[in-house]
1. Using alpha carbons only, how many angstrom separate the centre of region 11-72 from the centre of region 212-287?
2. Report Rg(Cα)/(2.2 N^0.38 Å) for the chain, keeping two decimals.
3. Keeping every protein chain present and rolling a 1.4 Å probe, give me the accessible area per residue for the chain in Å².
4. Share of antiparallel DSSP beta bridges in the chain, in percent to the nearest 5?
5. Report for region 465-624 the percent antiparallel among DSSP-assigned beta bridges with both residues inside it, nearest 5.
6. Please express the shape of region 256-398 as an equivalent ellipsoid: the semi-axes are the square roots of 5 times the eigenvalues of the C-alpha gyration tensor, given largest first in whole angstrom.
7. Let me cross-check Ser469: its accessible surface, 1.4 Å probe, with only protein heavy atoms counted, in Å² to the nearest 10?
8. Counting only other residues whose beta carbon sits under 12 Å from that of Leu217, what net charge do I get with K and R as +1, D and E as -1?
Amino acid sequence: MKKNVEIKNRTSLQRVTLLGLIVTIGIVFGDIGTSPLYVMKAIVGVDRNYDSDYIIGAISCIIWTLTLQTTVKYVLLALRADNNGEGGILALFALLRRMPRRWLYIVAAIGAAALIADGIITPAITVTSAIEGLKIVWPTVSVVPIVVVVVIVIFMMQQAGTGRIGRFFGPFMLLWFLSLGGLGLLFLFKCPMVLKAFNPWYAICVLVENPMWFFILGAVFLCTTGAEALYSDLGHCGRRNITVSWLFVKSMLILNYLGQGAWLILAENNVPVGVNPFYAIIPADLTVIGVIMSTGAAVIASQALLSGSFTIFSEAVNLDFWPKLKIKYPSNEKGQLYIPAINWALLAGCILTIAIFRDSSHMEAAYGLAITVTMLMTTILLTFWMRFKGINKIVCICFFSFFTSLEGLFFVANLFKFEHGGWYSLLIASVLAAVMVVWHKATGKRAQMIEYRPLAECSGIISAIKNDSTIPKYASNVIYFSRSSDKKMIETKLIYSIVNKRPKRADHYWFIHVEYVDIPDTLEYDVEIISEHTIYLVTMRFGFRVAPKVSVYLRQVVEDLVADGRLDLLSTYPSLRREGIAGDFHFVMLHRIFSASSSCRRSDRFLMLIHGYLRKIGLTDHSAFGLDTSVVTVETVPLVINNTPGRRIRRIDR
């Protein structure tokens, strides 16, 4: 039944409907849809002594950047690289993580970290650009306090989820894009010469002839910063809905850029400093309405990026890129999740961005550099995915060469903004990427050090302990978490806990193996009875977007076993059994602490030390699995890493 529902949901995402297109416009294109607020302003800021050829050439760069970068790479190619309907750089990595090239995890970590850094700056620059329009009506208005209030409201909204307000995103953004196109047409008719921008020759000329080409490219790149978010939202709307709606969105964006360019040409180089061409093409009587709509679009763009950031961190936890985090689900809608710690951390970063840069012109320098890194990393992963799918090697090389050259050019251009603010986004991305790489590598190293033994060899002693009435009963049901993916093997430390540390007599012994699979919404289990009415091995499989509420799902597993007559859940204490009272459940969790007695390389020792500190910023294992602390015992065991020859003490013969 569940599989049928999943198939139905996936099929619905593939259907192109009017409602689906409107929802897609509201969810997917918020970030890229607010770029007209600041792109042309940034381009004019590069060279205030512009002429018509400069404006036409810059718009030509915009048109062909949207075509090559967004349309070709993301809409036509990247959207096909879906992980069972889900998109984004970590979902793409999940498709490739079993490839022999193990260094790909570094590529994924860098890309994800840079995308999060971009998500911190996006609410600041979009809201600031929108609110700055008030200066046209009230020149003395203080923008920063208003921006801070709006940003705080955006982040506070996350606690309740966006299910209800999300219904208004589509119609609002549809009206927004229609307004963009309509305003652009008003001035396009007044200066049709701007249509020359469709000729790529003008783009080449403005870059070749202008010594400030790198600043021009850095400003132009801002028009496509939402392309990566477009790919990340694949799971919400489906490839076909995104592809079809992009045709409309791209048309409206280009019309608006053409209209702004026409106004600049007609202004004949008499544009006052600080004037935003976006607001200049809005009729004076509608300026306040324009500011309100711009703010609404900025809120929606910020909301989309915040939801995307939550998804990235959720995937990062399940793919061993980040310590465990507390994840809430405000609604039953797919993709609706809320991570409190991340929400408030992003809010702090966003307010810090506003405090440091204060106006959108300065924020433009910090914006764009990090996302070029994400795009480069996505290109690398996409190339391997294409090869993995059997696409011709020459085609893969051509794809890789073209887009790394294009994005490398944008990256170099944005590097010239490093001193003016690019350092900020790279600093955030570097810290996040370092945490992801260290955590992933340390988690893998710790997993390699765990010793296993056949479970069949242990069933005899466990059954003997169960039947030994001289040992005090520990609990009716004792539950351990096993890291072994092989059903025939079990960790030696688990057996040591049952047999040696303190013999734990129980009626039933449960070994639960939690497995995260690449299919995002998977929620299933299988159970194997190792010893009748004594030892149960349960494997729970969670998609990387499913909350692992182990205690809830274990109760359901137990109910199934009782219904099948494979488990007697009643307490073995006669007084309780007569009353029909079920036996109790107690979880025992092992916390592996790096041992100082390890004989290992200095780099491994440092890695384990950092892992220990990072572990403190995340949830404990029992909290991450949704367990009640009153029924959990945590036992510490040493983690010994011996990968260098150790010395043996020498006996002195007397």
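1. Value for the Cα centre distance between the two parts: 4 Å.
2. Here the Cα radius of gyration is 1.12 times the empirical estimate.
3. That works out to 44 Å² for each residue.
4. 35 percent
5. Bridges in region 465-624 that DSSP calls antiparallel: roughly 30 percent.
6. After diagonalising the Cα gyration tensor, the semi-axes are 36, 26, 16 Å.
7. 100 Å²
8. In short, 0.
The values are calculated or read from the model by the stated rules, or taken from the named source; none is laboratory data. Everything numeric here is computed off the predicted structure, so don't read it as measured data. Cβ: placed from backbone, ideal geometry, glycine included. Neighbour counts: every protein chain shown. SASA here: full protein model, heavy atoms, side chains in, ligands and nucleic acids out. Shrake-Rupley method; radii C 1.70, N 1.55, O 1.52, S 1.80 Å.
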